[in-house]
Amino acid sequence: MKFFKILIFILSLTAPFFSMAAGGIVMLKDSSPLNATEITADKDGNIYCFDGKQQFIVPKSFYSYIRLAKTDEIKLAEVNLNTGKYAEAERMFRDAAVKYEYLGWKAFCVSGLAKALLRQERGDAAVVELEKIIKDHIDDPDFTQWQYMEAFRLLSGIYLQKNLDEKAVAILEEMIDAEKSEYIVFAYNLLGDIALKQGRNDVAELNYLQAVIYGDKSIPARAEPVFKLAEMLKKRKDAAYKLYYEILKKDYPASDWVRKISEK
């Protein structure tokens, strides 16, 4: 930590600020956190921090990631998206994706941009934006991974609508490695759907089972693979289907999937 702070301290502070946000944490490469009340970034990813007493420059090669609260600008872009001001939301998210690229909110802004484009029936443009972040390296899984998983969830859905199953599978396989179970459940469920469509029933069953195993009753989307797995087992006369119907009734009594059982 001492070496990093000394080198950071002696760097010139004459470089222009590119983007600005409130305080947060800059995690240095030696795993030491640098707390700052103000954080800015230039176009090259160099970070400028004020810790309440003095200013520091943190070159891009010196830090691993940044944790920053969601800014008012991003919140306003969300409001525009949710209130039907899609063109304005598109503009704000596009600007914010660049402005906060190094400040922890890049993937979130790209997702917002893609949603704004989709609401304007510009699906191809949304794909272009989402594909730009597929190969991004996630340095801080606890803080940023969910943003990428939301982007991947959106992109995989678009791929499936376009019958681009191979591309969808590649994205879904990335989601399987997520830290949060809800994304793993989502990915395995869709992988099961794709396998089923391709006539690979054994693979579909295994994927639905993985979705059930990796999730728990706190994840509403898990009800779907539980039902699908039960249906497949029932179709091939495996009595185990009853166990999954019971799981469905117990864990998701109000689910539409439970009502599908009663319709049979």
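Taken over region 215-237, the criterion of being in contact with a Phe, Trp or Tyr (Cβ under 7 Å, 6 or more places away or on another chain) and hydroxyl-bearing (Ser, Thr, Tyr) is satisfied by no residue.
Here's the yes/no breakdown for (1) at pLDDT 95 or above; (2) of a type in the set (A, V, I, L, M, F, W, C); (3) surrounded by fewer than 14 Cβ atoms within 10 Å (Cβ to Cβ):
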position: Tyr188; (1), (2), (3): yes, no, no
position: Asp193; (1), (2), (3): yes, no, no
position: Glu205; (1), (2), (3): yes, no, no
position: Pro225; (1), (2), (3): yes, no, no
position: Leu229; (1), (2), (3): yes, yes, no
position: Lys237; (1), (2), (3): yes, no, yes
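Is it the case that some residue within region 195-202 is open to solvent by 20 Å² or more (accessible area, probe 1.4 Å), assigned to a helix (DSSP H, G or I), farther than 19 Å from Ser156 by Cα and not small (Gly, Ala, Ser)? Yes, region 195-202 contains a residue that is open to solvent by 20 Å² or more (accessible area, probe 1.4 Å), assigned to a helix (DSSP H, G or I), farther than 19 Å from Ser156 by Cα and not small (Gly, Ala, Ser). Hey, could you check region 239-251 for residues that are under 14 Å from Ala223 (Cα atoms) and out of contact with any Leu (no Cβ under 7 Å at 6 or more places or on another chain) and say which is least open to solvent (accessible area, probe 1.4 Å)? Checked region 239-251; the qualifying residue least open to solvent (accessible area, probe 1.4 Å) is Leu248. Within region 139-153, being open to solvent by 40 Å² or more (accessible area, probe 1.4 Å) and either farther than 18 Å from Leu68 by Cβ or not in a helix (DSSP H, G or I) (or both) holds for Asp139, Arg153. Could you go through region 17-32 and let me know if any residue there is aromatic (Phe, Trp, Tyr) and modelled with pLDDT of 85 or more. There is no residue in region 17-32 that is aromatic (Phe, Trp, Tyr) and modelled with pLDDT of 85 or more.
Residues of region 72-121 that are open to solvent by less than 10 Å² (accessible area, probe 1.4 Å), of a type outside the set (A, V, I, L, M), part of a helix (DSSP H, G or I) and within 30 Å of Asp30 (Cα to Cα): Cys109 alone. Return the residues of region 160-216 that are among the basic types (Lys, Arg), over 16 Å from the mean Cα position of the chain (by Cα) and more than 15 Å from Leu229 (Cα to Cα); say none if nothing qualifies. Answer for region 160-216, where residues must be among the basic types (Lys, Arg), over 16 Å from the mean Cα position of the chain (by Cα) and more than 15 Å from Leu229 (Cα to Cα): Lys162, Lys167.
For region 154-189, what are the residues that are in contact with an Asp or Glu (Cβ under 8 Å, 6 or more places away or on another chain) and not in a helix (DSSP H, G or I)? Passing the criteria: only Glu179.
Taking Gly84 as the residue in question, decide whether it is at positive phi, over 16 Å from the mean Cα position of the chain (by Cα) and not basic (Lys, Arg). Against the criterion (at positive phi, over 16 Å from the mean Cα position of the chain (by Cα) and not basic (Lys, Arg)), Gly84 qualifies. There is no residue in region 64-71 that is assigned to a helix (DSSP H, G or I), of a type outside the set (Val, Ile, Thr) and within 19 Å of Met149 (Cβ to Cβ). For region 22-50, name all the residues that are of a type in the set (Asp, Glu) and either surrounded by 15 or more Cβ atoms within 10 Å (Cβ to Cβ) or within 22 Å of Lys75 (Cβ to Cβ) (or both). Result: Glu38, Asp42.
The values are calculated or read from the model by the stated rules, or taken from the named source; none is laboratory data. The shown structure was predicted, so the numbers you read here are calculated from the model rather than taken from an experiment. Heads up, the Cβs are rebuilt from the backbone with ideal geometry, glycines too, and the neighbour counts pull from every protein chain shown. To get the accessible areas, we keep the full protein, side chains included, count just its heavy atoms, and leave off ligands, DNA and RNA. Shrake-Rupley method; radii C 1.70, N 1.55, O 1.52, S 1.80 Å.
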